[in-house]
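None of the figures in this text is laboratory data; all of them are computed from the coordinates on show. What you see is a predicted model; the values in this text were computed from it and never measured. So basically every Cβ, Gly included, is an ideal-geometry build from the backbone, and we count neighbours across all protein chains shown.
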């Protein structure tokens, strides 16, 4: 369980930096939850005896943190889908021309 939460946390860490590159304003929340997930995962992996006594608690905290962060990430992705609608009409026309030119060369 520790490795699962660790890998998911690193995946979320990568997603948070991708959101930062896309200009999302709340990418820091994903970064925070990814770091918390990494910490909880290392606690599970670092001391198996301690984790064995409280396996349910630490596993629950690690998976809950990663799951909550995935929900935050989903809402942030939902807000990113509106970005193409905010592009200037000039860029949209240019894109359509390039797409048509590409389709002509492809045939």
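Across all directions, the average flat footprint of the convex hull enclosing the Cα atoms of the stretch 9-107 is 9.0 nm². Remark: spin-label model distance residue 18-residue 93 equals 3.4 nm, labels positioned 7 Å along the Cα→Cβ axis.
Find how much the distance from residue 10 to residue 100 grows on full extension, using 0.36 nm per residue of separation minus their present alpha carbon separation; answer in nm with one decimal. Could you put the intermediate results ahead of the total?
Numbers: separation 90, 0.36 × 90 = 32.40 nm, distance 3.96 nm.
Gain on stretching residue 10 to residue 100: 28.4 nm.
As a length-normalised measure over Cα pairs under 8 Å and 6 or more apart, the relative contact order of the chain settles at 29 percent.
Taking other C-beta atoms within 10 angstrom as a stand-in for reagent exposure, 46, 27 fall in the order 46, 27, fewest first.
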